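Novice: What follows is a single structure, and I will ask about it in a moment.
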Amino acid sequence: MKSRFILFRRARVYDCEDTTARKQTGLKTEDKAEALALLHARNESFRRTRLNVQIARAYLTAGDPNMSARIWQAVTHPGILVRKFDGRLPPKDQSHETIHRPRRGIEE
């Protein structure tokens, strides 16, 4: 079977190319062993999709043993969130303005 990604080097940094889409992506490393490991991981992700899902479940279960027993309500509950709101809002543009602008006249 032909590999989907190939490795090449440009200006001392390794890159890979998707042979079907002809899209080039930088691996951002100068180490050949690390570049080969990243390339191998990309090729394997397209060869064995089901195995990758099982590996991801194994990593999640190792990080949180209760992950397999959780329901969506537990995941979306605000008390479970690890990151706390620090009071900063995203940059102001038209798409976020209507979401984050407080409505006048409505008390919470």
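Bear in mind these aren't lab numbers, they're just calculated from the coordinates by the rules spelled out. Treat the numbers as computed from the prediction; the structure is a model and nothing was measured. Ideal geometry is used to build each Cβ from the backbone, glycine not excepted, and the neighbour counts take in all protein chains shown.
Novice: Is there any pair with a first residue in segment 37-66 that is without any contact (Cβ under 8 Å) to a residue 40 or more places away in the chain and a second that is assigned to a helix (DSSP H, G or I) and loosely packed, with under 11 Cβ neighbours inside 10 Å whose Cβ atoms are under 7 Å apart and which are 6 or more apart or on different chains, and what are they?
Specialist: Thr61/Ser68
Novice: Kindly indicate the residue of segment 60-74 that is of a type in the set (A, V, I, L, M) and loosely packed, with under 11 Cβ neighbours inside 10 Å and also nearest to Leu7 (Cα to Cα) among those meeting that condition.
Specialist: In this case the residue turns out to be Ala62.
Novice: In segment 17-59, which residues are outside any helix (DSSP H, G or I) and closer than 19 Å to Arg4 by Cβ?
Specialist: Glu17, Asp18, Thr19, Thr20, Ala21, Arg22, Lys23, Gln24, Thr25, Gly26, Leu27, Arg48
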